[in-house]
Every structure is written in structure tokens, then in C-alpha cells.
């Protein structure tokens, strides 16, 4: 068993998830890490896609009902802790992230002693490609600016779910991922905020983020409720409302 677990989380991704797994199986890192897909109660054939690829070493956990992306990440964390992994990599289940870039996230942890490495589409020359909607371009620039102001620590990409971290970070008494308000998109900025403000060794790594065409479907995040979900941790933690 590797000491690194890579986890795409998915809800009704079907063909896109199949592409994610196939790209992972053909990637430069495939032989060095393990893979777990957390299926958040898909009902569009996603489950069957994962099952067909299980003989190639892809593990899976399926929720009995839809619980949210944060709950799916929590499931991945709990599994990784129980199985004794050292590092967890979270990536999108909708084929926006490049598995060949996983070493950019895990090498600083395994070789340089970092605790948390955040993938950034705005660091270096990688950037974002594909059909990214204008409102998301604006929002993905605004959120890291606001987060940087609140934390007094500059980050360039705080909404990118492609990241890696030591599971030991979660042992800190001021981190509690079991709070019900973290069931959706909140858990991603929550973990980033905590890692930085609690003094863990942190860095950003340049990664790509490729958006598919709109007709394929580029996100399940809704403009209002989804963006409140990722802004809420900044409000709650910044004001001391939640821990």
C-alpha cells in the first residue's frame, strides 16, 4: 500500500468520471499512489462506471444518499485515516484536474516537509483553460483576495479543490471537520483557512484547471447558494462564529 491516497469525489459525473479514472490509470503517478472514488449517491450510471474499473485497483465508497461534496471529502478523510495513509490528495471528479500534476502537490509534502499544498490555477504559467464562465472567473479571483485580507496571508487560489495535505494536520484540536455546516463546499476553504492560520507549513503549487464546454456541464455549483457556501467559512471563522 502507498502512503498517499488520491480521491476524486463525484456526484452524477458518469462519462467525465470515467475520463478522470482512465487518465489517472495512465498517469505518471499511478504506480506510486492509491485511488479511492467517493460516490455521493449518484443515479446516472456513475456507480457502474466505477464498478467496471474496480478490477484495475480503484477503490470506491458510495453514500446511501446524497450528502454533499464536503461530506464526501470527510468520508475520504475518515477512510484514509483508518487505513493508515499519510497524505490525502483531493481532486475533481469532473475531469477538470490533471492527474499528471499530482506530484506537484505531494512532492513538497514527501520531500520538503510541507503539511498542506494548495493547487493554484493562478500561480505560474499554467492557468485556466476551456469554457470558464465569466462569473466564475470573477469569483475565483475575488475569493482568494478576500481570504488573503482576512488571514493576512496571501493566497492566489482558494476555491480550487485540487490539493494535498498530511492527515496529521487534522489532529490539531482547533480543527473539527465533523461540524454539520461543513457538508457542502464549506469544508474546502475551511481546511485551507485552518492550515494557514494555525501555522502549518503551507505553499501553493501551479496546476491547470480545464473547463469543459457548457453543453457538457462544467459545474454543479449554483451561483448564489454555492458561492455563499464557500464564503461562509471566511465569515464564520473570521468573526469567530464557528470553530
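Read the figures in this text as sums done on the coordinates, not as results from a lab. Please read all numbers here as calculations on a predicted model, not as lab measurements. Here Cβ is always computed from backbone atoms with ideal geometry, including for glycine, and neighbour counts include all displayed protein chains.
For labels at residue 141 and residue 201 in the simple 7 Å Cα→Cβ model, what's the distance in nm?
3.4
Starting with the highest mean, order 143-154, 18-29 by the number of other Cβ atoms within 10 Å, averaged over the residues of each peptide.
Packing proxy ranking, top to bottom: 18-29, 143-154.
Compute the relative contact order of the chain as a whole-number percentage, counting only Cα pairs closer than 8 Å that sit 6 or more residues apart in sequence.
Result for the chain is 23 percent.
7 Å from Cα along Cα→Cβ at both residue 19 and residue 153: what's the point-to-point distance in nm?
The two pseudo-label positions are separated by 3.5 nm.
Which whole number in µm²/s is D for region 1-49 by Stokes-Einstein, with the Kirkwood Rh taken over Cα pairs at 37 °C and 0.692 mPa s?
Calculated translational D: 291 µm²/s.
For the chain, take every pair of Cα atoms, bin their distances at 5 Å starting from 0, and report each bin as a whole percent.
1, 6, 14, 20, 22, 19, 12, 5, 1, 0
Quick one: check the C-alpha center-to-center distance for region 1-29 versus region 96-126, whole angstrom.
Cα centres, region 1-29 to region 96-126: 16 Å.
Quick check: from the Cα gyration tensor, does region 1-84 come out rounded (a/c under 1.5), prolate or oblate?
oblate
Using C-alpha positions alone, give me the convex hull volume of region 146-205 per residue in cubic angstrom.
Each residue corresponds to 97 Å³ of Cα convex hull volume.
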